[in-house]
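Trainee: One structure is given below, represented as structure tokens, and several questions about it will come after.
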Amino acid sequence: MENRKILKNKLYLYLTEFFAGMSLMAVELGASRLMAPYFSSSQIVWTIIIGTIMIAMALGNLYGGRAADRDPNPDRLYGRIIIAAVWIAMIPVLGKYIILLISGVLILSVNNNFLIFAAFAACMVIFVFPLFLLGTVTPSLVKYTVDSLDDSGSIVGRLNAYNTIGSIIGTFVPTFISIPAVGTSITFLIFSGILLALSLTYFVSSKIFIKKLPVGIALFLIACVLGHSTSFAFWLDDLTYEGESVYNYLQVYETEDEVVLSTNVLFGVQSLYRKDGKLTGMYYDYAMAAPFMAGVKDKDSLDMLVLGMGSGTFATQCERFFGNINTEGVEIDGKIIELSRQYFELPDSVPVTEYDGRAFLNASDKKYDVIMVDAYQDITIPFQMSTVEFFTLVKEHLNEGGVMVVNMNMRSETPGNINDYLADTIADVFDNVYVADVKGSTNRALYAGVEEDMLEAFDKGVSEEDDEQLSAMMAKVRSGLEKYEGGKLIMTDDKAPVELLGMRMIDEIIEEEVADYRKIFAEEGIEGVLNSL
């Protein structure tokens, strides 16, 4: 190893540690964005990602230490870094196909906890190996940098400091710079290129040729050509818009009659706009009962707040059908606000604040006649907007006679489901709670009022409505409206297991949707399933 002069410069070894730590965290954050459009970005998925990466790092540390003691040849370490770099570069090329393949197999064979098993299997297949290789960096570098026991503590501490600083930068750069600017796929390629350049510097300066180097460069270039696509829904070729924000994967597509926003390729529609001005046929129509309950026909103007504005479907409908509503919204994702103006015709007269819904209420003293809560994140509601403390805050921001309306997704008849928890929690805060199932969907609309006469106000307002379409819709709502008696399933800031409750609902939905395919799979195998598609 006498001609490895670059290793005599400890700064290069520290830079190796720095870039290894930076790339590891970048891959972890990239993993969450790669998986979110398919499995959500819930706490469950994050737990799986972090746990899987910690397993990979622990195994890498063990193997790296033993390998360095057995054969302290730095060529092997930088060869492993090349392999890790190439693997990371191929993630944008093959990762989404692997995720769908694993999901397709497990959806036919797993009855419970599909989200956990599918996300864990995808993480193990896609991310464990390259992060295992990066986990060998620290123990190997300790072998090359410690000259004597006299300075071993300070050198190991310095290595860990460089790794930590790299990890910090690798946390912030993808989240705030590379992913919003160029997307998840190119972020993987950027950090793969950094690792490849690191190894290239080592081998070129040492005048050593190994077959891995040209092969790695060739595969990296192939990945750059094939893996730069930002498309997660690769089976669709007619999307109006597809991109990423700090918070979400975003997809907009159009039909002859509608414009649709989705933040997850596997779990449905988040917002919808009707080009012909008609009602959507979705829960937004049911939510329009809330202004009637708040006396919209008896007031010169009615103030309404939408928490979780999305693309503004509810606000747009209310602006269209009610002439005396002053609407404002709160939406945490600034990119969605842009899309709402560009594709969904949200009027400029409707102000939207880019902020978290609960934080907005904490910072505002204004009161409203109607507050709509529609803050679903992927497949579940954020826990901080599902608790007694949150709904108490909403109640404090309602005027006399005010009404809160909540969209509750993933309706179920199984006792103890997420909607039971939400409804019981709301009923613990509001004395007057009514629910109505949205026909033809898994949604349920919940109305909570400050005053007891909210139904009388609703009936009076609807009787004065001139629009036949809206009157018919309100008649449908009224026929399904039921008073809700609260139970004991209360969620608080200290305990709100919304992710686990949402996961149970996903299992129920999958069970219902794929029951026939599972039967075919059990009888005829995968060939039978493919023939039935």
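Trainee: When region 379-435 is examined, which residues are found to be within 26 Å of F39 (Cα to Cα) and polar (S, T, N, Q)?
Mentor: T380, Q384, S386, T387, N407, N409, S412, T414, N417, N419
Trainee: Determine whether region 28-42 contains at least one residue that is part of a loop (DSSP other than H, G, I, E, B) and of a type outside the set (S, T, Y).
Mentor: Taking every residue of region 28-42 in turn, none turns out to be part of a loop (DSSP other than H, G, I, E, B) and of a type outside the set (S, T, Y).
Trainee: Here's a follow-up. For G402, state whether it is touching a residue at least 24 places away in the same chain (Cβ under 8 Å) and closer than 23 Å to E328 by Cα.
Mentor: Judged against the criteria, G402 is a match.
Trainee: Looking at region 349-400, which of its residues are more than 16 Å from M304 (Cα to Cα), out of contact with any Ser or Thr (no Cβ under 7 Å at 6 or more places or on another chain) and of a type in the set (D, E)?
Mentor: Residues satisfying the conditions are E354, D356.
Trainee: What about T327, is it assigned by TED's automatic domain parsing to the domain that holds G401 and over 26 Å from S40 (Cα atoms)?
Mentor: yes
Trainee: Scanning for something touching a Gly at 6+ places or on another chain (Cβ under 9 Å) and free of Cβ contacts under 8 Å to residues at least 40 places away in the same chain, does region 298-316 turn up at least one residue?
Mentor: Looking for residues that are touching a Gly at 6+ places or on another chain (Cβ under 9 Å) and free of Cβ contacts under 8 Å to residues at least 40 places away in the same chain, one finds at least one in region 298-316, hence yes.
Trainee: Looking at I155, I179, which is the one that is assigned to a helix (DSSP H, G or I) and either within 19 Å of G30 (Cα to Cα) or at pLDDT 90 or above (or both)?
Mentor: Being assigned to a helix (DSSP H, G or I) and either within 19 Å of G30 (Cα to Cα) or at pLDDT 90 or above (or both) holds for just one of I155, I179, which is I179.
Trainee: What are the pairs with Cβ atoms under 8 angstrom where one residue, in region 457-474, is in contact (Cβ under 8 Å) with a residue 12 or more places away in the chain and the other, located anywhere, is small (G, A, S) and in a helix (DSSP H, G or I)? Sequence gap at least six, or different chains.
Mentor: F458/A289; V462/S471; V462/A475; E465/S471; M474/A289
Trainee: A161 - would you say it is in a helix (DSSP H, G or I) and crowded, with 23+ Cβ neighbours inside 10 Å?
Mentor: No.
The values are calculated or read from the model by the stated rules, or taken from the named source; none is laboratory data. On a predicted model such as this, the values are computed, not experimentally measured, just so you know. When we count neighbours, we look across all protein chains shown, and the Cβ atoms used for this are built from the backbone with ideal geometry, even at glycine.
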